[in-house]
Amino acid sequence: MRIIQHSYRLKFQQTEELIEILSKEDRIRKYLEALQNHSPHTLEHSYRVGLLCVDLGLENGFQGREIKLLGYGGLLHDIGKVYIPSKILDKNSFLTSFERELINGHTRLGAEAVEEFEDDLMRIIVGHHEYQINPYPRKGNERRNAKRKEVIERRENNHLVETLTQILAASDFYDALRSERAYQSSKEKEEAERIMLTKYTGNHNYVNQLLMR
Ligand SMILES: [Fe+2]
Ligand SMILES: [Fe+2]
């Protein structure tokens, strides 16, 4: 599998190379091939999100394990969609509440799918839609309560996971707005900026960093 075409102006030369290396690992390749077969446009989106995540991670001073987590997170964040019928994924008309619920289930399904990886990857994947106006699967309160429980044991790690999840959530949101989808056309930068500043609830520095790309 080769790196897909994209029109982002990445800041770091090594970003593409890193994503290429990660995507060639056996355990990653098998997931990417499943996405390729089930939903090619989700695979392309996942590559682009992976690139944005790693590039933003480097800009924010992350390295080593964190950069890998961001790369895996970007590449695999929507892996749960392989369990959802493509007829529903590609539907370009109104979704029933049942269909919406099915689609929203991709975060938990995705986290379960990567059980063989370290826990932090599961936590990043399950949270990638939790920094938006209508977050799922957990609303702000649930996330904060869950955090309180964990905070005693793993205070620092918790903060790290939250930061990495916000980078993933912002990159995912941005690429979703900037690329053509079955149900909507791509947005210009100014429009994407306006939407993200009102609907992305994570750290807005990441929005500004994305807009530079
Ligand atoms: Fe998603
Ligand atoms: Fe996504």
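The values are calculated or read from the model by the stated rules, or taken from the named source; none is laboratory data. Here the structure is a predicted model, which is why all the values come from computation and not from measurement. Heads up, the Cβs are rebuilt from the backbone with ideal geometry, glycines too, and the neighbour counts pull from every protein chain shown.
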(request) Find the residue count for region 71-84, including only residues that are more than 13 Å from ligand 2 (Cβ to nearest atom) and either within 12 Å of the chain's Cα centre (by Cα) or free of Cβ contacts under 8 Å to residues at least 12 places away in the same chain (or both). (result) 2
(request) Go through region 85-115 and count every residue that is among the small types (Gly, Ala, Ser) and within 11 Å of ligand 2 (Cβ to nearest atom). (result) 1
(message) Taking the conditions exactly as written (under 21 Å from residue 170 (Cα atoms), modelled with pLDDT of 95 or more, away from ligand 1 (no atom under 13 Å from the Cβ) and in contact with a His (Cβ under 9 Å, 6 or more places away or on another chain)), does residue 56 satisfy them or not?
(response) no
(request) Tell me which residues, restricted to region 91-111, are surrounded by 13 or more Cβ atoms within 10 Å (Cβ to Cβ), free of Cβ contacts under 8 Å to residues at least 60 places away in the same chain and more than 14 Å from ligand 1 (Cβ to nearest atom). (result) 95, 99
(message) So in region 177-193, with the set limited to residues that are within 15 Å of ligand 2 (Cβ to nearest atom) and surrounded by fewer than 17 Cβ atoms within 10 Å (Cβ to Cβ), which one is farthest from residue 93 (Cα to Cα)?
(response) 186
(request) Could you figure out which of (1) at pLDDT 85 or above; (2) farther than 14 Å from residue 166 by Cα; (3) not small (Gly, Ala, Ser) isn't true of residue 142? (result) (1)
(request) Kindly indicate whether residue 114 is surrounded by 16 or more Cβ atoms within 10 Å (Cβ to Cβ), under 27 Å from residue 206 (Cα atoms), of a type in the set (A, V, I, L, M, F, W, C) and within 16 Å of ligand 1 (Cβ to nearest atom). (result) yes
(request) Could you identify the single residue in 48, 27 that is within 20 Å of residue 108 (Cα to Cα), of a type in the set (Lys, Arg) and in a helix (DSSP H, G or I)? (result) 27
(request) For region 44-54, indicate whether the set of residues that are within 16 Å of ligand 2 (Cβ to nearest atom) and surrounded by fewer than 21 Cβ atoms within 10 Å (Cβ to Cβ) is non-empty. (result) yes
